[in-house]
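First up is the structure itself, then whatever we jot down about it.
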Amino acid sequence: MDFEDDDLPYEEEIIRNPYSVKCWMRYIEHKQNAQKSVLNMIYERALKELPGSYKLWYNYLRERRKQVKGKCVTDPAYEEVNNCHERALVFMHKMPRIWIDYCQLMVSQCKITRSRRTFDRALRALPITQHPRIWPLYLRFARNLPLPETAIPIYTLHFPLSFLGGLTRFTDQLGKLWCSLADYYIRSGHFEKARDVYEEAILTVVTVRDFTQVFDSFAQFEESMIAAKMETTSELGQDEEDDIDLELRLARFESLITRRPLLLNSVLLRQNPHNVHEWHKRVKLYEGQPRQIINTYTEAVQTIDPMKATGKPHTLWVSFARFYEDNEQLDDARTIFEKATKVNYKQVDDLAAVWCEYGEMELRHENYDQALRILRKATAIPARKAEYFDSSEPVQNRVYKSLKVWSMLADLEESLGTFQSTKAVYDRIIDLRIATPQIIINYAMFLEEHNYFEDSFKAYERGIALFKWPNVHDIWNTYLTKFIDRYGGKKLERVRDLFEQALDGCPAKYAKTIYLLYAKLEEEYGLARHAMAVYERATAAVEPEERHQMFNIYIKRAAEIYGVTHTRAIYQKAIEVLPDEHARDMCLRFADMESKLGEIDRARAIYSYCSQICDPRVTARFWQTWKEFEVRHGNEDTIREMLRIKRSVQATYNTQVNFMSSQMLKATTNATGTVSDLAPGQSGVDDMKLLEQKAQQLAAEAEQDKPKPKDKILFVRSDTSRSELAELAKQANPDEIDIDDDEDEDAEDGEPDEVQLEQKSVPTAVFGGLKDD
């Protein structure tokens with residue numbers, strides 16, 4: 001090879017860096033316009049130094065193909081290019097681009113056999129993920145073949161592979177694809193191959209829908225095989241070999257149907273191998289098969305990751321141990337429990353449940369000392385302490401703070417241990433600050449049963465120091481009750497201090513019980529005035545919805561202790577603080593009490609006060625009660641006064657309704673348009689003034705139906721005749737005059753006239769006890 005002067009720098013460079021692709025590529029680019037033989041020689045020199053360079057091989061092969069382009073396919077130059085490709089494939093056999101170019105080169109030379117073999121070599125050499133790049137060229141080559149004998153094997157090879165490829169590509173149609181592949185083999189007469197496809201599909205699909213499609217198709221295939229065999233046997237006769245074959249097919253079909261629940265369970269476990277519930281179901285499916293049950297439990301506890309588990313993974317360990325226990329293999333059950341306690345569960349409660357189940361198993365077999373030893377081991381302080389909710393630490397370092405384990409240990413100590421050991425357990429629970437109000441109460445009750453009363457009260461005190469409201473409610477309630485039962489009135493000042501301490505910061509929701517207990521204490525062992533003071537405080541401390549009931553209790557106890565006259569102040573306060581609904585009830589009861597005491601004027605004043613919160617359209621019961629009261633104890637003047645008040649109250653409520661109407665009009669105006677839209681032509685008037693005018697107009701319309709009083713308020717005459725009034729009065733009280741309620745309705749029809757009253761002596765009975773004889 002002759003060198004030119006301008007080649008010298010490149011030659012020197014490749015001598016210095018013979019393994020540099022960049023140096024060779026710069027030299028090749030420099031010699032692009034040189035003779036083909038010179039360029040090929042440089043490529044050959046480069047590939048001798050760098051035989052594994054894809055870049056050099058790719059460019060070299062492309063250059064060699066360009067050199068033979070346009071020549072006759074019988075030209076020897078083509079064979080040289082073919083040999084060059086073969087040499088390249090020694091190093092580049094995993095490069096699909098080299099194979100594609102080589103296959104296309106062979107197809108362009110019309111060499112059918114060599115082309116087919118080259119395609120086959122490419123499929124064997126390349127990974128299956130690269131096959132989709134080869135198959136389109138291969139199939140196009142097969143379609144253009146003049147010989148169907150050669151094309152058919154190519155399609156036969158590709159068809160099952162293209163469904164297999166679809167299985168990875170169309171994951172939402174796996175059932176149909178597997179069934180289609182099996183159907184292809186069935187139509188081809190390869191029944192065993194079809195059965196293998198069905199079995200593989202059943203063991204790989206991950207959805208119930210796909211499983212159902214494949215299983216139904218598989219069952220239908222087996223049925224058709226049985227039917228075909230029976231039909232063939234009936235036509236050609238039956239021999240021993242046919243009987244065996246038919247029995248085999250029937251056994252296959254029966255086995256398939258029997259396996260369906262297990263196969264479906266396997267599908268669900270493939271979806272989520274950490275599904276605890278499905279593993280339990282799988283164990284039940286193997287009922288009566290001990291070896292399979294043990295294998296299933298073993299596989300389950302080895303497969304499930306507690307951190308990813310759906311459900312409670314510890315239940316599998318417990319069920320596994322219970323299986324051995326039921327079969328009287330206690331040593332194996334203990335081994336399972338010991339392994340279960342070393343599993344790193346997600347929740348501390350799971351490990352605590354394992355320890356408790358372990359202890360309960362020993363109790364069932366009356367191994368009491370062993371049960372105590374297990375629970376004491378579970379609650380032992382670990383070498384490395386950790387907080388209960390510290391998820392960064394394993395549960396084994398946190399289970400010593402599990403209340404579930406401590407509670408069971410406390411129960412066992414109470415039943416099997418000594419007083420001191422039990423007390424030590426309860427003290428340890430409180431020191432760890434994991435006690436609940438119920439634990440505190442149990443501890444105090446335990447001490448009380450052993451006659452350690454003051455110690456039990458100290459336990460209550462420790463619990464009160466641990467908890468705040470509302471959790472401390474049960475402790476206070478039990479403590480106060482037990483203290484009163486124990487000492488009664490002997491330590492009155494101490495128990496009073498306890499009540500005051502309990503009520504300090506007590507929410508209104510829980511105050512009622514404590515106040516009633518406090519008042520009961522004062523009634524039985526203290527002073528009545530103290531009890532009344534407690535009731536007085538209770539009416540203000542309880543929740544608003546309980547005040548009415550509290551006032552009722554207060555009134556009842558005050559009446560029993562001091563008499564009914566002492567309840568007047570209570571009634572007055574109740575009427576002031578209670579809502580209208582309950583205040584009306586209190587007024588009626590208050591007025592009834594006064595009337596029974598003969599205080600008619602006081603009762604009438606109460607009715608008059610209460611009438612201001614009684615809308616006649618809603619509270620008809622109140623007005624009927626007042627009317628009956630006036631019929632019994634009043635006269636014509638008092639009845640007229642009641643009717644006047646009724647009209648006045650009704651007018652007040654009507655005005656309120658009119659005001660609400662104006663507010664609704666304002667809201668509607670804001671929602672639908674401006675005031676100027678409602679009152680065109682008055683754009684200069686303020687919007688609020690227009691609204692006030694409209695409200696006044698509505699109020700005036702409402703007032704038209706009411707009587708318009710003159711200079712002073714006068715009573716009105718009813719259309720009812722005086723003889724009818726007298727008749728009504730005689731029915732209730734022969735000495736009284738009754739005026740019906742219709743009077744105020746009739747009075748609204750026109751202007752009231754001044755009434756000419758007749759003079760009549762008033763019977764003495766009307767005055768009750770108000771007038772001396």
Hey, does segment 154-162 have a residue that's open to solvent by 70 Å² or more (accessible area, probe 1.4 Å), part of a helix (DSSP H, G or I) and modelled with pLDDT of 80 or more? no
Tally of residues being of a type outside the set (G, A, S) and over 60 Å from the mean Cα position of the chain (by Cα) across segment 597-641: 16
Quick one: would you say D210 is among the acidic types (D, E), surrounded by 14 or more Cβ atoms within 10 Å (Cβ to Cβ), over 30 Å from R117 (Cα atoms) and at pLDDT 80 or above? yes
Take the residues of segment 562-581 that are in a helix (DSSP H, G or I) and of a type in the set (A, V, I, L, M, F, W, C): which is surrounded by the fewest Cβ atoms within 10 Å (Cβ to Cβ)? A569
Using the structure shown, decide if D474 is free of Cβ contacts under 8 Å to residues at least 24 places away in the same chain, of a type in the set (D, E) and not in a loop (DSSP other than H, G, I, E, B). no
Cβ-Cβ distance below 8 Å, separation of 6 or more or different chains: which pairs start in segment 49-74 with a residue that is free of Cβ contacts under 8 Å to residues at least 60 places away in the same chain and within 13 Å of I98 (Cα to Cα) and end on one that is assigned to a loop (DSSP other than H, G, I, E, B) and open to solvent by 70 Å² or more (accessible area, probe 1.4 Å)? Y54/M95
Residue under question is A251, and the condition is that it be open to solvent by less than 70 Å² (accessible area, probe 1.4 Å) and in contact (Cβ under 8 Å) with a residue 24 or more places away in the chain; does it hold? no
Qualifying positions in segment 77-126 - part of a loop (DSSP other than H, G, I, E, B), open to solvent by 80 Å² or more (accessible area, probe 1.4 Å) and among the charged types (D, E, K, R): K94
Residue in segment 366-376 that is nearest to Q329 (Cα to Cα), counting only those that are free of Cβ contacts under 8 Å to residues at least 40 places away in the same chain and surrounded by 13 or more Cβ atoms within 10 Å (Cβ to Cβ): N367
Looking at segment 514-538 only, could you name the residues that are crowded, with 21+ Cβ neighbours inside 10 Å and of a type in the set (S, T, Y)? Y515, Y518, Y535
Would you mind finding the one in K468, K509 that is outside any helix (DSSP H, G or I) and within 43 Å of the chain's Cα centre (by Cα)? K468
Condition set touching a helix residue (DSSP H, G or I) at 6+ places or on another chain (Cβ under 7 Å) and open to solvent by less than 80 Å² (accessible area, probe 1.4 Å), scope segment 64-74, selection nearest to I42 (Cα to Cα): answer is R64
Out of (1) closer than 14 Å to K482 by Cα; (2) part of a helix (DSSP H, G or I), the one I430 does not meet is (1)
What is the number of the single condition among (1) surrounded by 15 or more Cβ atoms within 10 Å (Cβ to Cβ); (2) touching a residue at least 12 places away in the same chain (Cβ under 8 Å); (3) not aliphatic (A, V, I, L, M) that D455 does not meet? (2)
May I ask you to list the residues in segment 393-404 that are open to solvent by 30 Å² or more (accessible area, probe 1.4 Å) and either modelled with pLDDT of 90 or more or aliphatic (A, V, I, L, M) (or both)? L403, K404
Among the aliphatic types (A, V, I, L, M) and either exposed (fewer than 13 other Cβ atoms within 10 Å of the Cβ) or in contact (Cβ under 8 Å) with a residue 24 or more places away in the chain (or both): does that describe A559? no
The lone condition R632 fails out of (1) surrounded by fewer than 19 Cβ atoms within 10 Å (Cβ to Cβ); (2) free of Cβ contacts under 8 Å to residues at least 60 places away in the same chain; (3) not acidic (D, E) is (2)
Is there a residue being at pLDDT 90 or above and small (G, A, S) anywhere in segment 424-433? yes
Suppose the filter is in contact (Cβ under 8 Å) with a residue 60 or more places away in the chain, part of a helix (DSSP H, G or I) and basic (K, R); does R270 pass it? yes
Tell me the residue from R621, R589, R604, R632 that is closer than 27 Å to Y535 by Cβ, assigned to a helix (DSSP H, G or I) and charged (D, E, K, R), please. R589
Among the candidates S415, S407, residue that is assigned to a helix (DSSP H, G or I) and loosely packed, with under 13 Cβ neighbours inside 10 Å: S415
So N442 fits all but one of (1) in contact (Cβ under 8 Å) with a residue 40 or more places away in the chain; (2) surrounded by fewer than 22 Cβ atoms within 10 Å (Cβ to Cβ); what number is the exception? (1)
With the requirement that a residue be within 35 Å of the chain's Cα centre (by Cα), open to solvent by 20 Å² or more (accessible area, probe 1.4 Å) and of a type outside the set (D, E, K, R), what does segment 471-498 give you? N471, H473, N477
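The values are calculated or read from the model by the stated rules, or taken from the named source; none is laboratory data. All figures in this text were calculated on a predicted structure; none of them were measured in a lab. We place every Cβ from the backbone using ideal geometry, glycine too, and count neighbours over all the protein chains shown. Protein only, heavy atoms only, side chains kept; ligands, DNA and RNA dropped before computing areas. Shrake-Rupley method; radii C 1.70, N 1.55, O 1.52, S 1.80 Å.
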